[in-house]
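In what follows, a single structure is set out as structure tokens and then discussed.
Since every read-out is calculated from the coordinates, none of them should be taken as a lab result. Every value quoted in this text rests on a predicted model; they were computed, and no experiment measured them. Here Cβ is always computed from backbone atoms with ideal geometry, including for glycine, and neighbour counts include all displayed protein chains.
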Amino acid sequence: MSNFKILAAALPFAVMATGAMAADETIAVFTKNQTNPYFQTVRVGADAAAKSMGAKVVHYIPTKPDSIPEQLSQIEDVIVKKPSAIVFVPVDYKAMVPGVEQINDAKIPVVNVTDRSAGGKFLAFVGADDYSLGLETARYLLKEMGGKGNVVILEGVKGSLTNVDRVRGFNDALKEFKDVKLLASQPANYQRLQGLQVMENLMQSHPQIDGILAANDAMAVGAIEALDGANRKAKVVGINGTKEAVDAIKANKLLATGDYNGFLQGCIGTMAAIRALRNETIVTEVVLKPTVVNASNYQPYDRPLESRACPSWSEVEAISTKTN
Amino acid sequence: MSIASNASAGAPRIHLSQDMQQIIYRLLAAGLLCLALSLATDAFLTSNNILNVLRQASLLFFLASGLTLVILTGGLDLSVGANIGLSACLAATVIKATGSPILGTLTGLATGCVIGICNGLMVAKLRIPSFIATYGMLWVLHGITYYYMAGETIHGFPPGFRQIGSGHFLGIPIPVYLMVGFLVAGTVFAQRTVWGQQIYAIGANPVAARLTGIPIDRRLILVYAFSGAMAGVASIVFLARLNSAEGDIGEALTLPAIAAVLIGGASLFGGVGSVFGTFIGALILTLVLNGMNLLSVNANWQPLVTGVIVIFAVWLDMYGRRKA
Amino acid sequence: MRAVMDTTALIEPAPPPAPDRAPLLELRGISKNFPGVKALDDVSFGVWPGEVHMLLGENGAGKSSLMKVLCGAYQADAGDYFHNGEKIEIRSPADARRFGIAVIFQEFSLVPYLDVAQNIFLGREFASAIPGIMDRRRLYREAQAVLDLIGLDVDPRTKVHSLGVAQQQMVEIGKALSQDARILVMDEPTAALSDRETERLFEVMRQLQAKGVAIVYISHRMAEVFALGDRITVLRDGKLVGSALPGETSPDELVRMMVGRNVDMSYPRRFSTAPGELVLDVRNVCAANGIRDISLTVRSGEIVGLCGLVGSGRTEVARAIFGADEVTAGEVHLFGKSHSGGPAATTRAGVGLIPESRKSEGLALIRTVSDNLAVAGLPKLFPNMMFSRGKARRSAEELIKRLRIATPSPNQNVALLSGGNQQKVVIGKWLAAGTRLFIFDEPTRGIDVGAKSEIFALIDQLVAEGAAVLMISSEQAEIVHVCDRAYVMRGKRIVGELSRAELSEENIVRMGMHDD
Amino acid sequence: MTDHALSPSRPLRLPSVPGVAISLVGLVLLFAFSSPGFLSTGNLSNILVQSVILLLIALPMTLIIMTEGLDLSMGAVLTLASLVLALIIVSTQSLILGLLGALAVGLAFGFVNGSLVAVLGIPPFVATLGTLGAAQGLALIVSDGQSVVGIPRFVRQAYSGTVAGIPTPILIGIGFYALFHVLLYYTRFGTYIRALGGNRDALTLAGVRWRPILIAVYMLGGSMAGVAALLMTARMNAGHPTAAIGMEFDAIAAVALGGTSFEKGNGWIFGTLLGVLTVGVLRNGLNLMAIPSSVQVACIGALVIFALFIDGMRSHKS
């Protein structure tokens, strides 16, 4: 693969940076919005990593959630400031490619986190495998249902990378369980209210729903509220492993959530960026293995984000899929 | 179409005020919509689904009813959605901190109301056009909310509080009672109080209203405060219903709320419209959504359908009034 | 430019027209109806080239309607137009323009945020060599020429909204002149002008006359009528009363023709012998709207007139008393108490204003008769703040009966009522509010004769019941008929007071008109 | 008194400067001192380039607002046009055809908006709120919610290329600003636009048919959305179904910030340019200062209110 070359290209800059101004390495962290808790976990992870390694983090978030033009502008603005390195979550994995190329042109090392960009050169990619996450979470639900019954899927934002893969994972799991019937697959755009309302409407046309596969936790929790409101029961799973989902698992409302682990992604992405600046070895691809958080294993997740610590680099190397 | 021809034929002898006629046409339109939906799918005409539609309409209605009064005076309040966000987050914080849903509810209402008063002061005293004043307010509120929430959500409220959003009484959802309550209260306020009459008079001709001795500034502030307070009410019901507060909770509702008011027959020039009309407007919008969900129509069509309905409703109104 | 002016001053006035020639423009049997009002009733009228045709008449006599018919803004219901003896049609302003008719309106047809030059040539911009681009140089050159012609010393690049009323009036005149009009219609063009500007305008008119332009000139000023007019026509109540040549008539005769109106005063006005308590006491008031040093009093049981020319500041006095415009100096006392505050406070103190433009300031046209009748009296009718449609309706029905408002139902849209009935609704809303001091601003404007006398009967009844009335009117006959005494205004000041004994149209005219 | 009345009343030369100019100069000074690199050529060019797309729709928005109108559909039309442009380019490889498609979308929506307003007499807010929904829905339908990619790289030159060392978007921005300036001040059309908002009767009396002009104003707005769509598409090298949603509000805010009034045809096209730049400078400067996004959001709102408040004070005095 070309990973090695990318690293080689980035290294001279990294050496220079560490040599000249090791004291003030500034990492610019780009996330999609200020509203989705997932990205907050990424940001906290980045902060934790930078703090432990003695670097500074500056966050750039579009003022309008998921705004492509705004993230492009922010990239242009940040290039003027020449941060030491960038940790980058693209608001859209295709439409942000020109932005990544601008970063590359400015010779600022950049690590891609969460959504794998469709183009541009990165030091490393850190993310979770949405497909296997969807597959494993769905398998867990379907097993818990005893391999039979009716399910519905609540999809996220159409066309977003995470949604495509997660829903594909759901559907592939469904193929393994012939006795489970998929009643409907409707978008609720990753939003709580829409998850709730779509669910309410689906319950009208489907008197028996046994399982709900939601492509994120907010929709899953919305669906649970809808079930509660109608006094109906169904097993619900979500994805992301947010605090709220863990609470819901604790309260026996939610069956499980696939852990997307934004905290870890933020940690590892930032650590990789800083290590590259310091001319230390890094891994070029970390794809977190899917973990299904459920009533039996939620305890490690039931802690405030701020009190969590980033893993050591050897731990990272252990879970990484590719190293240099 | 048949509605329009009725308009020309049925006008003369029995004297129905124009407002009354417009409301009857809207009821007919909503009725036709129901008829069409019940023919199209069995799932529609069930008591559950009707209650479901009403409960979904209630959220939109809370917001739209306050907005109706603002629009009656010839103004506009673009900040209602952002208002819900901040009010809900502050209310959630208070509930979490004190454990008292009552204090939380009061906080939500007070926040909404204060924001409304600020809007009213800008419009009445600083004479900033309401469109711009409330648009600026929208940004300010978003900023405060994002800053305050820092990407987190606040979730998990006492069951008693959640009854407001998801509870039932005699088999009917609590929000539906609240909606009926505010529908009656709003109608009484607009139609049966001196202030309500003065609000109509201000919208119909602000110059004449001033020269008739109506204290315009105070009434305008009242109206914006009311709109803000209704956003506060909506925020509480949202909170109770979703069991969670997040920054962008009401964002997607501003334009639909305005659309509901316009479909309900209010004129942006002021002086025309009614809370009951807005109720039907909210109902029609919700029915369309519900129908599309029940019929599994691609959600992509939804904005287009809404847009066409808005234009058609307003055009029909103008056509009817011009004939009279 | 000066040179041009000097030579023009020497040009002799055009020779008197020869009525045996065909008139440049002739109207025959023009009628125009509005709901409830016959604005024009079988009016025939002609202008000859080089003639200044004076058109006289009180407000509401039909002059403005005639102008609007002339320029194509209104279409006559009946009647024919002839241009140089040939029958023509005027259906739109564009038609009128084609026949060389240009009109200077009193309400300005200017666009506030365009500059003087653009306003003058609106719709007639000059094309330049580059397609689509205006020839701005020529625009400003020609505009400057027009401004020089009318002697208006402003930069043609000045935005019109920043000009004073007089200057706007001059721009309006310039706009009409620039059209190379063969027939120029002017509606009281000097009402807002200073003496020097007026002089300049007359000079221009004489030049135009010399070129054979026909001018129709509406005026209230007798001096102008005789100084400029080649022929005089008097309108009254939409009908043509008569025409005369200046040499054959006298101001007195014209006034008689104008004011000898069919004002039906069939009720006996009970003039108060012993006025009651002091209701309104205005002391040395100046206001932001321009009025200066106004002092006047009104007692209960008294009708006090406020007269003077249009633009003399009468409406401004009413607005200042009512609190609609800011009082900057002096004091207003109401019912013996010092008063300040906006319309809301003044209304609460028991004062009602019946404004001049009732459609834009007095009524909510999209609402019903009942709504409009209730709106001022809401706090009084419903002291517990709960509104009852039934009670409002009963109150409205009572007022409809008492004021004899012709409406099929209290739920009728007020826009569908005639002018007179609309005015009664405005009065009615104050009756419902329990008002004790009524300020009428042109109470009979645009109202037909029958309704006028009803309104006067009503005003009389009000004062008989102890109310006080301050009445602004441009129709001296009304003031003389109705008022116990009157103040006369000129140039934003009160210039005199006339007691009941002194009240006559001649005295009002003498005091209020310019000293010319 | 008479002498006073005759003396040329100079238009009240306002001692106070428009709110937008105060804001812009103030912000530039603030950032110049507090953020090194702000005044670098690279960064200034950055701000200009970033502002161009907003400028392209704020310019026609100014004219529309001057007619006492509003176009809420512009952001959605831009988005739809951008998708159509991307789809056509992907399937035909022809930039010209794509641009024509985008312009056609813009013109069609402009025509519908204009007709609803001028012919049916529907209030502009309502009419364009309706077409906003229509355009947004169509954008989702033609793209099925997906980004449209596979656009040849040469298209990007429209946004990232340079001519004689100056970035293309800046030239495009200057060109269109000049065009609108000329349109407003040097053509009949511009004169009539101000008359449309200021005194429609004056136009009628002058024998001008105003309805076609009003429709043309909205069509101009639509076509500019088409032009902006080209830059937007080139910038992202993709079409995206939510790319410019809500941008019309940014444009309206910039126009209002620039001192154009919603009444009486009182517009200032240069003010719109200043308004757009003010927003651009604010966002850029706050980013350079690494101000948290949430505070940036509140700053934008405060700026809009502040500038309008200043202008309101001024107009009250005069």
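Odds and ends about this structure:
- Dipole of region D:50-245 [Lys/Arg +1, Asp/Glu -1 at C-beta], most positive-end residue of D:T92, D:G239, D:V117: D:T92
- D by Stokes-Einstein for region C:97-149, Kirkwood Rh over Cα pairs, 20 °C, 1.002 mPa s: 172 µm²/s.
- Mean partner shielding of peptide B:233-244, defined as the number of other chain Cβ atoms within 10 Å of each residue Cβ, is 3.
- Dipole of the protein assembly as shown, positive end: most advanced residue of D:G106, C:P189, A:T257 [Cβ charges, Cα centre]: A:T257
- Treating r as the C-beta distance of B:V188 and A:L183 and R0 as 56 Å, the FRET efficiency rounds to 0.80.
- Inter-site label distance for D:L120 and D:D144 at 7 Å from Cα along Cβ, in nm: 3.2 nm
- Rough spin-label spacing in nm, given labels placed 7 Å along Cα→Cβ, for D:A302 and D:A164: 4.2 nm
- Largest-first ellipsoid semi-axes for region D:138-236, taking √(5λ) over the Cα gyration tensor eigenvalues, angstrom: 36, 20, 7
- Unit charges on C-beta of K, R, D, E only; dipole of region B:55-252, Debye: 480 debye
- Coil-residue GluC sites (Glu not before Pro) of region C:81-159, DSSP, other Cβ within 10 Å capped at 15: C:E89, C:E107
- Estimated 222 nm signal from helices in chain A, with DSSP H stretches of n ≥ 4 weighted -39500 (n - 2.57), rounded to 500: -14500 deg cm²/dmol
- Evaluated at q = 0.10, 0.15 Å⁻¹: base-10 log I(q)/I(0), Debye formula over Cα of chain B: -0.58, -1.25
- When the alpha carbon gyration tensor of the protein assembly as shown is reduced to an equivalent ellipsoid, its three semi-axes come out at 67, 38, 28 angstrom, largest first.
- Rounded to the nearest 20 debye, the dipole size of region A:130-259 about its Cα centre is 280 debye, using +1 on the Cβ of Lys and Arg and -1 on the Cβ of Asp and Glu.
- Size of electric dipole in the protein assembly as shown: Cβ of Lys, Arg +1 and of Asp, Glu -1, about Cα centre, debye, nearest 20: 1940 debye
- Highest mean first, the peptides D:42-48, C:366-372, A:105-111 sorted by other C-beta atoms within 10 Å per residue fall in the order C:366-372, A:105-111, D:42-48.
- Over chain A, the hull volume per residue, using the convex hull of the C-alpha atoms, is 121 Å³.
- Per principal axis, descending, Cα span of region C:104-180 in whole Å: 36, 22, 21
- Shown here: region D:50-245, whose C-alpha atoms stretch 54, 41, 24 Å along the first, second and third principal axes, sorted largest to smallest.
- Debye-sum result for region A:130-259 in log10 I(q)/I(0), which assumes one identical scatterer on each alpha carbon, at q = 0.10, 0.16, 0.20, 0.22 Å⁻¹: -0.24, -0.65, -1.08, -1.35
- Within a straight-line Cα-Cα reach of under 19 Å, A:K121 can be paired with the following lysines, leaving aside sequence neighbours fewer than 8 residues apart in one chain: A:K5, A:K82, A:K94, A:K107, A:K322.
- Listed by chain and number, the lysines whose alpha-carbon sits under 22 Å from that of A:K235, ignoring those within fewer than 8 places in the same chain, are A:K143, A:K148, A:K175, A:K178, A:K181, A:K243, A:K250, A:K253.
- Most fluctuating residue given options A:G146, A:G120, A:G238, as computed from a GNM of chain A linking Cα atoms under 10 Å: A:G146
- The lysines within cross-link reach of C:K424, meaning a Cα-to-Cα straight distance under 23 Å and a gap of 8 or more places when in the same chain, are C:K38, C:K359, C:K380, C:K391, C:K401, C:K452.
- Selected from B:S100, B:T41, B:T134, residue furthest toward positive end of dipole (chain B; charges at beta carbon): B:T134
- Every helix of 4 or more DSSP H residues in chain C counts as -39500 (n - 2.57), and over all residues that averages to -10000 deg cm²/dmol at 222 nm.
- Alpha carbon centroid spacing (whole Å) that separates region B:178-216 from region D:62-129: 38 Å
- Gap separating the Cα centres of region A:95-132 and region C:33-96, nearest whole Å: 78 Å
- Per residue, the convex hull spanned by the Cα atoms of region B:28-80 measures out at 99 cubic angstrom.
- Every Cα-Cα pair in chain C was counted, and those over 40 Å apart are 28% of them.
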